[in-house]
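A short write-up of the structure that comes next.
No value in this document is a laboratory result; all are computed from the given coordinates. Because the structure is a prediction, the values reported are computed rather than measured. Note: ideal-geometry Cβ built from the backbone for every residue, glycine included; neighbour counts use all protein chains shown.
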Amino acid sequence: MKIHEYQAKEILRRYGIPVQPGKIATTPEQAEEIAREFGVPVVVKAQVYVGGRGKAGGVKFGSTPEQTREVAGQILGMDIKGLTVEKVLVTPAIDIAEEYYAGIIMDRASQAPVVMVSRAGGIDIEQVAEETPEKIIKEPIDVRWGLLPWQARDILERAGMPHNVIAKGGAILAALAKAYDGSDATLAEINPLALTKDGQVLAADAKILIDDNALPRQKEYAGWAEPEEANPLEFEAKAEGLTYVKLDGDVGIIGNGAGLVMTTLDMVARSGGKPANFLDIGGGAKAEVMKKALLFVAKDPQVKGILVNIFGGITRGEEVAQGIIMAQNELPLGLPIVARLSGTGEEQGRALLADAGLTWGQDMRDAAQKIVAEIAARG
Ligand code: GDP
Ligand code: MN
């Protein structure tokens, strides 16, 4: 589950990590009021569930209360990576000398939470990881005793932190590990961990992801959920009665039966593609449902092609084929679609697709390879 920066900072505060005070505004006037209360300069920060707000214009300084109202007015309502800004965090600005990265992430390969620290913070850590991986120090945490204070200091030392940062930073890193554990997080990240010109070390930004499986025992944090904002497509799918999960890739996936859809995801991955979603149309779906599913999957701007994988039983191949054909004039022009129909009605279904000039695969592997190739061919 995603939470906002101001909520993540509230968690960090509870574990003793220094963070600036802050208040939420939903109108420019409130932002101005908060600026008067804290004193200027302040920073006005979009509270949306995405990173890179700074680059997108979602983090701005207010050097007077009036200017704070003005910049808050610019940020509120702004669209950042498809999300509309509905609230801003107003916080006293700090004088930053250096920006570091400190994070803890659940790492499947290590089967443990892994601490990551870099002296090159403030910017995209993915970019640092790709271009200069040597600048990131990583160390798994032994969950039997957690991150010990000396280990935290050692990691900072190895990351080349200045000496005046080691003690304070070590305490913060150890507290971050406790916050991660205590909130059942899968990610807890401070970027930037800021060194101010007067030698303070504090969390100027915070991101925490909470394990959905832990929500029953993290009742307070569960109450912070904003499902519509966290995943607009999934929220809409639920309202339309579709079993849909958003993923990161570009190959839209539709199938009947959860097991078959999962297998299809694997097959696409094995064919060199990246699935964009999971969508199970269930058993006995009619043409209308197939059409609705296709149009829904195509709504995701990341989708560059769709693979339909149907194992006919009570779901009939010709119904599915009709649904695909019906969707054609409402789908984005030229969006590649490959269908694999097997079982009940496969012959009629394939014949219908062939008549309509649509591509079908001999089997699941063939269909997955075809859609991946078609997407690749289009660049
Ligand atoms: P993100 O872009 O979504 O990660 O948002 P951040 O909260 O990390 O802000 C982006 C950048 O704005 C930071 O890396 C800092 O360089 C800058 N920034 C944020 N807050 C302050 C502040 O209080 N003082 C100064 N000087 N810079 C800040
Ligand atoms: Mn940041």
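What angle do you read, to the nearest 10 degrees and between 0 and 90, between the alpha-carbon axis of helix 346-355 and the longest principal axis of the chain?
Tilt relative to the chain: about 80 degrees.
Between Glu134 and Arg36, with labels modelled 7 Å along Cα→Cβ, what's the label distance in nm to one decimal, could you check?
Rounded to a tenth, the inter-label distance reads 5.5 nm.
Could you give the nm distance between label points at Ala354 and Lys197, where each point is 7 Å from its Cα heading toward the beta carbon?
7.6 nm
Around Ile208, under 15 Å between beta carbons, what's the net of Lys plus Arg minus Asp minus Glu among the other residues?
Here the count lands on -4.
Sorted from largest down, give the three principal axis spans of the alpha carbons of the range 96-222, whole angstrom values.
Answer, in whole Å and largest first: 42, 30, 28 Å.
Mind checking the angle between helix 149-158 and the chain's longest principal axis? C-alpha axes, 0 to 90 degrees, to the nearest 10.
The answer is roughly 80 degrees.
What is the distance, in nm, between label points placed 7 Å from the Cα along the Cα-to-Cβ direction at Asp363 and at Gln74?
Each label point is offset 7 Å from its Cα along the Cβ direction, giving 5.9 nm.
So what are the chain's ellipsoid semi-axes, whole angstrom, largest first, if each one is the square root of 5 times an eigenvalue of the alpha-carbon gyration tensor?
One finds semi-axes of 46, 24, 18 Å for the chain.
Straight-line reach from Lys246: which lysines fall under 18 Å, measuring Cα to Cα and dropping same-chain residues less than 8 apart?
By straight Cα distance, Lys246 reaches Lys2, Lys81, Lys238, Lys274, Lys292, Lys299, Lys304.
Roughly what angle does helix 317-327 make with the longest principal axis of the chain, taking Cα atoms, 0 to 90 degrees, to the nearest 10?
Once rounded, the angle reads 60 degrees.
Out of Arg217, Arg158, Arg144, any idea which swings most in a Gaussian network model of the chain, alpha carbons joined below 10 Å?
Arg144
If you look at just the Cα atoms of the range 267-379, how large are its Rg and its Dmax in Å?
12.8, 37
Please list, by residue number, everything in the range 34-53 whose backbone N is under 20 Å from a paramagnetic label point 7 Å out along Cα→Cβ of Glu226.
Under 20 Å, as judged by backbone N against the label point of Glu226, lie 34-35, 43-53 of the range 34-53.
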